[in-house]
Structure formats: C-alpha cells, structure tokens
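**Student:** Below: one structure in structure tokens.
Every number here is computed from the coordinates shown, using simple stated rules; none is lab data. The model shown is predicted, which means the values in this text are computed figures rather than measured ones. All Cβ positions, even for glycine, are placed from backbone atoms using ideal geometry, and neighbour counts span all protein chains on display.
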Amino acid sequence: MSSHFIQEASEACFNGCCSSPFSTQSVTKKQEEEEHEFSLITTGASFLTRDIKFTSQESLPSLHTSFYDLITAFPDYLQTNQADHLRSTEYQNLSYSSSNVLLNHTGQQQPLFSYSQSISGSDQSLFTLSSKQVSSGEELLSFATEESRFQTRMRRRITSFMNLEESEYHMILTQDRSSAFKILAELYCFKTCPNLLTVYNYEDEAVEEMIRISDKKGIKPIAAEFSWPSTEIVSEKLRRKITRSKRRRDKRGLFVFPLQSLVTGASYSYSWMSLAHENEWHVLLDTSALSSKDMETLGLSLFRPDFLICSFTEVLGQDDSPGFVCLFVKKSSSKALSEAPEHITNPANLTVVKAEPAREAENDENTLGRTSLDHTDIVEVEEEDDKAIIEFRGLDHADSLGLVLISRRLKSLTLWLVRALTCLKHPGSHQPEMHLVKICGPKTRPKRGPSVSFNVFDWQGEKIDPSVVERLAVREKIGLRCAYLQNISRIRKDKKRSDEKQNLSLRVSVVCVRLGFMTNFEDVFRVWGFVSRFLDADFVEKEKWRKKALEKNK
C-alpha cells in the first residue's frame, strides 16, 4: 500500500463520518472476556473486537475500507509509513510485480532483494562465496579466524547489527541453516555429553538433520511437548526434562532452543535458556524465526548462548542466491566441538563458506556463485586512500526502520489477519456457526511472532488438505505454505476407564503464513480474500475433484 494512501487515511475522521463497516451494537459478555487481552492493544470501533461474520468473498469490504478498519484498531500503524516509503523507493520491483503477494522472506522462503540489487546487465563482480570442507572443530575455528580485510569488516557489521560482542564469538558462514545444524551435530561432543533436547512445535528440515546425525551416534533425542491448540510449551514437562540431568547426575548435552515458532508464531521465554545453563546444558539459540530487527534485542549480554544460528536471507539475500547463514560459537565453549574424526558420520557435512572479493577468487574451483555489484546486498567502494567501505543495504534498511517500527507494523498486520480470518463463517443455519478457519497457535495474544498457522474447513466441517490450499495459493501467486506441527500433546479421556486419561502426541498439517518486514496491508488483505474463496462450496468441490484427477494421472 502506497505511502500517500496512508497519509490520506491519517487525515480521515473516525468519529462517525468514516465509521467501520464491521461495527455492531452488541457484544456478548463471553466475547468481551475472550477479547479482553486483545482489546488492551486495540482502539476504536473495529470488527477486531466485535461479533461480525463474512459468509462469502463478495461480502468482504474493499481494500480501502479494510485499511481504515486496520488503523481504527491500530492507530500506531500510521506511524510506520516509513516502511511503505522504503518499499516504494528501494523495493519498487515488488510493486512492478504487484500480482505477487510478499510474505515471508526468511527460513525456507525466497530472499528479499531491493530493486537496485536486481538490476541485470552488469558484468562487474564484487564477491563470491567459496567453500571448504573441514575435518575437526579445531580446523573449523581456525578457518573462521583467518580473515581478509573484507571478511573482517563483514563480520563486524553483522555482529554490530545483532548487538553481539564480537570478542566473545567466532563467526562461521554456511550455505544454509541445514549446513549449520549439520556442523554442530557432527562436531558436538555427544560422546561426553550424550543428550539432545529440542524445542520445536513444527517439523524443521535443519533440526531433523541434526536429529538424524545424533541418532547415528547412538543419541536418543528428546523433545519438548506443546499444548493444543495454543501450541505453547507444556512448561512442567520441559522443566523436568531440563532438570533431570542434574537431579540424576546425568551428563549434560545440547539444548536447541528457538525464541519463537516459525510456523505458529508462539513465543518462548528467555528463562528456558537460563534454566538450561543452570543445569549445565550447552545452549544452541536458533534465531531463524525472528524478524530483521528482533536480533539486536536478543539480550546476549545476559544469556550468552554457547552457539547461535542466524539466517540473513531476509536482508542479505539476492535474486539468484539464498544468501547465507551465520553460525556463532562462543569462544569459551569451543571445546565442546571436540568430536573425534572417526565419529564423523559424513565428512561432507562439514562444509563452510567464506565471502571473498571476486578479484581474489576468480580462479577458485570451490567458488559457489558469483555476485555482481548490482545484484548484491553488500557493496564495497574503493576510496583514494585504499580503504574499503562495505555497505550492507538490507541491514541498513532494517536499521533505518528500527525495532519499534518493525515490531509495531508486524504486530498490527498479524493480529488484524488473525481476527479477520476468524470472522469468515459458512452461510446457513449452523448451530453453532461453523467457522471457515481454525487458528492453530496463539490468537490475539500481543506477544506473538509474525507467523499464523491455521486450517480451512468446508461447510460440512471436513478439513481441506493444506497441500490443496498451498497449491491454489501458488496459482494465485500468494506465498502460503503447508507445514506440519509436531510434538503436540493432547489429553483425552479413556473410553474404557472414565477416570483415566490418555496423552496423545499429534502430528498436524497446517497452512502457514509468515509476514516479513516489507509486507504491507495489501499483502495481508489479499491473503484474507484468497482464503475467503473457500466459503464457496462449489469452488471447494471442484478443487477436490481436480486433486483426485491429478493424483489418478500420476
């Protein structure tokens, strides 16, 4: 959405002359209780805090009207127009391809690159990523400390962006998240610290790689459990898993912890890291689910994880490469990477990369890819005194917006989308009314990440396969994806014995939406409009038939 539209909206009157179409005169006591926490952060006569429903795509209000509703509920959103200006000036390529909906650009998604990074036709190369295979933790850290001027300045800029004390950590670059997790799984001293505890409520390819490698080494990984449908940590069970090693005098191990779920947006407390350290675990902090500026407030000076994995795809990506991932190793914990070479399951897992000026790496046979001056997020300018200035455009863009603005913007868009989805209901005389969408994860809780997971149900209450929703979204150029929740703990009564309960571990397929720092309201609105199409029973039946036909022809 353009900045001039936000300016127009900011001048509008919301005291009756521009009333929200979602307003209603009565709100039940039950709804007031359910929405109490949400109403603490919203104002105005918005449908976000009202009992309203939409039963067809045609009944949805227009983009402009919906935007007025957003800023009625979140007036502070108007203060984020700097992001819209940045998008229109530095990322105008997003507007040129307006048929695409810009959602997540972290994790497994494609990188975000500005227009100036995407201009083709330049043959001038700036830097390349060259790979090397190491054989031990000692060689890995030695490789990390051998730096050129270019690499030193790159490391300093990244650690500065993260508010990290560079003297305390080694920084290693890898091609992707899976590579970083493989390196730790291969080199971590599981022989002397034979425990692996992970805290993920969704299936993650990189974490699964670590689990597979540790399993080959005879380690039986354990996982945190999550409640349903909030997908939050079952605190008492995780506390027992962390403290049992100390209580039983077991040897410690590796505690793998994300501060946020990349799929459901559930946020977790820093205190879990403190508890793990108190019980002599090594802590691996995975920040892949955090947005651009969240990384600078990690509180690393207080918690100081032993290992840290950060994906810079969102702000260091380019149009023909997924960027790179940083693996930080705390220098005082580097002895934990002491696995003997004979216990390495696959030497190819120990592959690291370095960014080098192209003129120094033109003949390097291990070069992974060449990045031209106009295609990169990192620009090196030679001055007369031969001092290079390295400009990180993506990091600078995130810095220019700041943590408060990005957080405010993402929270507004995410919470609006969650409540908008729950207002979609099937037409008819269903008692009670049948929702089209059921949210899996936190709903209106302010302290949540910019990810939303949900499932879509037809008018008969049958769940629509998330892979079908993903396929149709791709057809509409909307970046939804299918994901799987795991380690979901759900208690139900035993049918044979009414006084006993069964603890079920569920694996649930869901549709996932994740917003990025350049996502705007139009992107979110189009997601809402797309999902509303499933209110049309004929549309759903036609797509079910089409899926069966495609499966039959395979």
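**Student:** Taking 28 Å as the cut-off for C-alpha to C-alpha distance, list the pairs among Lys53/Lys237; Lys182/Lys330; Lys354/Lys411; Lys132/Lys216; Lys182/Lys241; Lys182/Lys548 that go past it. Write out the running numbers ahead of the final one.
**Tutor:** Values: Lys53/Lys237 39 Å; Lys182/Lys330 18 Å; Lys354/Lys411 36 Å; Lys132/Lys216 24 Å; Lys182/Lys241 24 Å; Lys182/Lys548 38 Å.
Check vs 28 Å cut-off fails for Lys53/Lys237; Lys354/Lys411; Lys182/Lys548.
**Student:** Per 0.36 nm of contour for each residue apart, how much would the distance between Glu433 and Arg490 grow if the chain were fully extended, relative to their Cα-Cα spacing? Could you put the intermediate results ahead of the total?
**Tutor:** Details: separation 57, 0.36 × 57 = 20.52 nm, distance 2.45 nm.
Stretched out fully, the Glu433 to Arg490 stretch lengthens by 18.1 nm.
**Student:** Within the range 512-535, which residues have the backbone N less than 20 Å from the label spot 7 Å out from Ala549 along Cα→beta-carbon, could you tell me?
**Tutor:** Inside the label zone: 534.
**Student:** Per the Kirkwood definition applied to all pairs of different Cα atoms, how many angstroms is the hydrodynamic radius of the range 146-191?
**Tutor:** Working: mean 1/r = 0.0815 Å⁻¹.
Value: 12.3 Å, from the Cα pair sum.
**Student:** Can you tell me how much longer the chain between Lys447 and Ser59 gets when fully stretched, taken as 0.36 nm per residue apart minus their C-alpha distance, in nm with one decimal? Before the final figure, lay out the partial values.
**Tutor:** On the way: separation 388, 0.36 × 388 = 139.68 nm, distance 3.10 nm.
Length difference between fully extended and current span is 136.6 nm.
**Student:** About the Cα centre, and with charges only on the beta carbon of Lys, Arg (+1) and Asp, Glu (-1), how big is the dipole of the range 144-260? Nearest 20 debye, please. The partial results should precede the final answer.
**Tutor:** Details: 23 positive and 17 negative charges, 156 e Å.
Dipole size: approximately 740 debye.
**Student:** While we're here: Among 144-154, 410-420, how do they line up by average Cβ neighbours within 10 Å per residue, starting with the highest?
**Tutor:** On the way: 144-154: 15.1, 410-420: 23.4.
So the order, starting with the most tightly packed, is 410-420, 144-154.
**Student:** I've got another one for you. Taking the highest mean first, how do the peptides 173-181, 325-333 order by number of other beta carbon atoms within 10 angstrom per residue?
**Tutor:** Working: 173-181: 22.6, 325-333: 19.8.
Final packing ranking: 173-181, 325-333.
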